[in-house]
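Notes follow the structure.
The values are calculated or read from the model by the stated rules, or taken from the named source; none is laboratory data. The structure presented is a predicted model; accordingly, all values stated were derived computationally and were not measured. When we count neighbours, we look across all protein chains shown, and the Cβ atoms used for this are built from the backbone with ideal geometry, even at glycine.
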Amino acid sequence: MVKIAPSILSADFANLERDIQRISTADYVHVDVMDGMFVPNITIGIPVVKSLRPTTTLPMDVHLMIVQPVRYVEQFCDAGADLVTVHVESDTAENIHAAIDKIHAKGKKAGIVLKPKTPAEAALPYLEKVELILVMTVEPGFGGQKFMADMMPKVSTIRAWIDEKNPDCELEVDGGVDPETCKVCIAAGANVLVAGSAVYKAEDIPARIAALRG
Ligand code: DX5
Ligand code: ZN
């Protein structure tokens, strides 16, 4: 079954607890962490993850858009993240491997993320050691951008590799996912869909989450 991970980047930051309760029929809470260096925007960090942890029983999917995430992954795990994803572009391969190992040592799930211009092949060194691969369908940094349908071949390629080499690995897409664009993502083989504005701009959030399942 397709899983939905609403991004709280599109929630009301003055009412995060309320807005997390509004997505209780979803499968993950997607938390976008930005440092103003890896991406040209600054959002939220460790104290917010820690404060949100007791407000939901949903697993927290923490998407780190920060330089050298190896410096902080343990703190995000301790704050209550269940899954931590790091961008392959954000450090050397050695440090990305080290970040994944640190997340696993904390007993949490680890994932890698590919920006739109990063080829599918960049996932290969990590394919057999991660629990999730995230393919960005917008340039990371902001919610509400246009979905990049030209990322679908990359999703299909990675789906084939996952099925062959690590069938339990999840395949997530993030950016511009709505009740229309979700269909091609699912057809290409994604099984976790992040959606920010499509969820939080909806009149009926549970109905919108159901619609995004395709
Ligand atoms: C973008 C973030 C996304 C974003 C998605 O850098 O990683 O998670 O919040 O927002 P929508 O669904 O509005 O494109
Ligand atoms: Zn994200």
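Tabulated data for the structure shown
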| quantity | calculated |
| --- | --- |
| Segment 162-188: number of residues that are over 16 Å from residue 111 (Cβ atoms), within 15 Å of ligand 1 (Cβ to nearest atom) and acidic (Asp, Glu) | 2 |
| Within segment 80-98, considering residues that are aliphatic (A, V, I, L, M) and surrounded by fewer than 20 Cβ atoms within 10 Å (Cβ to Cβ), the one farthest from residue 147 (Cα to Cα) | 98 |
| Selection count, segment 38-71, where residues are within 14 Å of ligand 1 (Cβ to nearest atom) and more than 17 Å from the chain's Cα centre (by Cα) | 1 |
| Yes/no for residue 144 being at pLDDT 95 or above, within 14 Å of ligand 1 (Cβ to nearest atom), of a type in the set (Gly, Ala, Ser) and surrounded by fewer than 18 Cβ atoms within 10 Å (Cβ to Cβ) | yes |
| Selected residue (criterion: farthest from ligand 1 (Cβ to nearest atom)) from residues of segment 189-208 that are assigned to a loop (DSSP other than H, G, I, E, B) and crowded, with 24+ Cβ neighbours inside 10 Å | 190 |
| Pairs where the first residue, in segment 8-35, is touching a residue at least 12 places away in the same chain (Cβ under 8 Å) and the second is among the acidic types (Asp, Glu) and surrounded by fewer than 18 Cβ atoms within 10 Å (Cβ to Cβ), C-beta under 6 Å, 6+ apart | 19/12 |
| Set 164, 172: member being outside any loop (DSSP other than H, G, I, E, B), over 19 Å from residue 90 (Cα atoms) and not hydrophobic (A, V, I, L, M, F, W, C) | 164 |
| Selected residue [among the charged types (D, E, K, R) and either part of a loop (DSSP other than H, G, I, E, B) or surrounded by fewer than 19 Cβ atoms within 10 Å (Cβ to Cβ) (or both)] from 61, 101 | 101 |
| Given (1) assigned to a helix (DSSP H, G or I); (2) buried (at least 19 other Cβ atoms within 10 Å of the Cβ), index of the condition residue 17 fails | (2) |
